[in-house]
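Everything on this sheet refers to the single structure shown next.
The values are calculated or read from the model by the stated rules, or taken from the named source; none is laboratory data. It should be emphasised that the depicted structure is a prediction, and the values quoted were computed from it without experimental measurement. For neighbour counting, all protein chains shown are included, and Cβ atoms are generated from backbone atoms with ideal geometry for every residue, glycine included. Ligands, DNA and RNA are stripped out before the accessible areas are found, and what is left, the full protein with its side chains, is counted by its heavy atoms. Shrake-Rupley method; radii C 1.70, N 1.55, O 1.52, S 1.80 Å.
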Amino acid sequence: MSWRSSFRCSKFRHVFGKPSNKEHSYDGVPITRGVHDNHYCSANPCFIAVVTECEGGGAFLVLPLHHTGRVDPQHPRVCGHRGRVLDVKWNPFNDHCIASCSEDGTVKIWDVPVCGVQQNLTTARKTLIGHSRRVGLIEWHPIAENLLLSSAYDYKVLLWDVSQAGSVLRCPVRVVLSPVHHRYPSDALLLSVSFNSDGSRLAVTSKDRRVRVLDPRTGKILQVSRSNSHRASKVLFIGGLKMLLSTGSSIWNHRQIVLWDPDDLSEPLYEEVLDGSAGVLFPFYDPDTHMLYLAGKGDGNIRYYELSTEKPYISFLTEYRSLLPQKGLGVMPKRGLDVSACEVFRFYRLISIKDLVEPLSMIVPRKEVSITPDLYPMTAGNQAAMTAQEWLSGINRSPVLMSLKPGIGVSNPYPETPAEKMDPQRPENNDFMEEAFLEEQLSYQDAKYPRKVSDLSGWQPDETLLTNFFTPHCCEPAEKPPPNTENELLQAFYRQQDEIRGLKDKLNEKNVRISQLELDIRNTRNNLRATF
């Protein structure tokens, strides 16, 4: 680790972490035992959501923020998934809307009542069916309203407009990434995603442990990291400083942090080795104070840094230490902090060994408590700058800012775009963009994975994909309609019984064959023993 002087003038040098006592924490929460590298927790000024352990499906708990203390073991949950829940995210522009993804391959949008969940919530407002395998990541767009990104283990990255009509959506508005020719390269399986401040760029880390910067509208890969000394696992856009940060491991399996120029990923701007632990490092950044927080999965400490545009770019401040390891962390948006206590950041630590969710406040010690511009400048509010269709048409805008002073509302500086000014030929333009994206992906994968003509001699179409995948607004094969009459239902039942009977016969034949082979092996061994 490089040495640097600890004597540095900074107003955040004395930031300290203040954990809540047990009465102001959430005790008795059965935190999930899943091993996916996600936060498993999401918070907003009204509610906190925690993924819980559940038998026979997936569920998560939604608690009002003031509902602290001991949580009833029979507290109602959101339990509409058929598989384990892997991630939950609150809508940044609607405190009563939350998205969840699961191992069952679906993404669901839930509406939480104002009074909270009073009974088990099993019916979602929207169900997004576009993936054929488990969905590991979801992320709301930071600027556009009702725009959600999902990434799954079927190597697809899709953008959804959840304001579309219908309770079940099968057609994403954009296909950012998708396998081509049924080849599944490691660079298409995402481990982490991060939008920049205006949502015009998307940074991702993949299974090949490289950092990439994409255009989320077209899926075009703009930059790819080339460093062999850093294997990235998490990535984060540093808003306001025009930098990109990734956490991962070195070639010696030491955890490290790396700063990049998002316009040039050929060489890192800064690289530092932290320790030799094995847990994934989760980065969190506060653009208002330019503070970076690093929390490791399974660690009990959280490191604080201050970032700047001048070398050495990153300065260590101090760290919070605890004897209790964290499984995941949730973060409160800036508009939900207690400004009267000089709170600049708040974590919700998931401590699975005690079934405890512990709020942890980052406090800047001040003698006079006041909302000063250095601690609380204008920050991103809960109002969207544009609609999903405006963003898809190519418009870029900065976030709508708000003041944390009480009594001051949010004023949107962007007038609404009239409907007649929107592009009336949008479906045709969308088809053109999809075809261009397909050609680009084909040329990219053909250059990276050259194949011979004979390689496709035995190729058969994949049932999970259509022959022409990039048809307008289509990502899944057409399903057979359910039986309409009792006679059709009986025919389907008898057909299924015949298939089951045939499978059982094949299984019995295999068992008989296995017994014959075992007998032959035994006889051969006896003959060999008698011979010698």
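General observations
- Selection status of residue 405, loosely packed, with under 14 Cβ neighbours inside 10 Å, without any contact (Cβ under 8 Å) to a residue 12 or more places away in the chain and closer than 30 Å to residue 68 by Cβ: no
- Scanning segment 105-146 for residues that are open to solvent by 60 Å² or more (accessible area, probe 1.4 Å) and among the acidic types (Asp, Glu) turns up 111, 145.
- Filtering segment 185-240 to residues that are closer than 16 Å to residue 399 by Cα and either outside any strand (DSSP E or B) or in contact with a His (Cβ under 9 Å, 6 or more places away or on another chain) (or both) leaves 195, 196, 197, 198, 199, 200, 201, 238, 239, 240.
- Scope segment 337-351; condition surrounded by fewer than 17 Cβ atoms within 10 Å (Cβ to Cβ) and closer than 16 Å to residue 43 by Cβ; matching residues: 338
- Scan of segment 300-323 for residues that are within 15 Å of residue 287 (Cα to Cα) and either in contact (Cβ under 8 Å) with a residue 60 or more places away in the chain or assigned to a loop (DSSP other than H, G, I, E, B) (or both), ordered by number: 304, 306, 307, 308, 309, 313
- Segment 148-177, residues that are touching a His at 6+ places or on another chain (Cβ under 6 Å) and under 24 Å from residue 111 (Cβ atoms): 152, 171
- Of residues in segment 147-169 being within 24 Å of residue 39 (Cβ to Cβ) and touching a helix residue (DSSP H, G or I) at 6+ places or on another chain (Cβ under 6 Å), the one least open to solvent (accessible area, probe 1.4 Å): 147
- When residues of segment 189-200 are limited to those that are more than 16 Å from residue 152 (Cα to Cα) and hydroxyl-bearing (Ser, Thr, Tyr), the one most open to solvent (accessible area, probe 1.4 Å): 197
- Scanning segment 271-281 for residues that are free of Cβ contacts under 8 Å to residues at least 60 places away in the same chain and either open to solvent by 30 Å² or more (accessible area, probe 1.4 Å) or over 23 Å from residue 315 (Cβ atoms) (or both), we see that the one that is nearest to the chain's Cα centre (by Cα) is 279.
- Filter result (of a type outside the set (Gly, Ala, Ser) and either modelled with pLDDT under 90 or under 18 Å from residue 87 (Cβ atoms) (or both)) within segment 151-168: 153, 154, 155, 156, 157, 158, 159, 160, 162
- Looking across segment 352-363, the residues that are over 19 Å from residue 62 (Cβ atoms), of a type in the set (A, V, I, L, M) and surrounded by fewer than 21 Cβ atoms within 10 Å (Cβ to Cβ) come down to 353, 360, 363.
- Index of the failed condition, residue 288 passing every other in (1) of a type outside the set (Phe, Trp, Tyr); (2) within 29 Å of residue 86 (Cβ to Cβ); (3) at pLDDT below 95: (2)
- Strands (runs of 3 or more DSSP E) within segment 21-102 that include 1 or more residues open to solvent by 30 Å² or more (accessible area, probe 1.4 Å) and not hydroxyl-bearing (Ser, Thr, Tyr): 78-81, 85-91, 94-102
- Residue match in segment 201-217 (condition: in contact (Cβ under 8 Å) with a residue 12 or more places away in the chain, open to solvent by less than 10 Å² (accessible area, probe 1.4 Å) and over 17 Å from the mean Cα position of the chain (by Cα)): no
- Residue in segment 377-392 that is modelled with pLDDT of 95 or more, buried (at least 17 other Cβ atoms within 10 Å of the Cβ) and farther than 25 Å from residue 240 by Cα present: no
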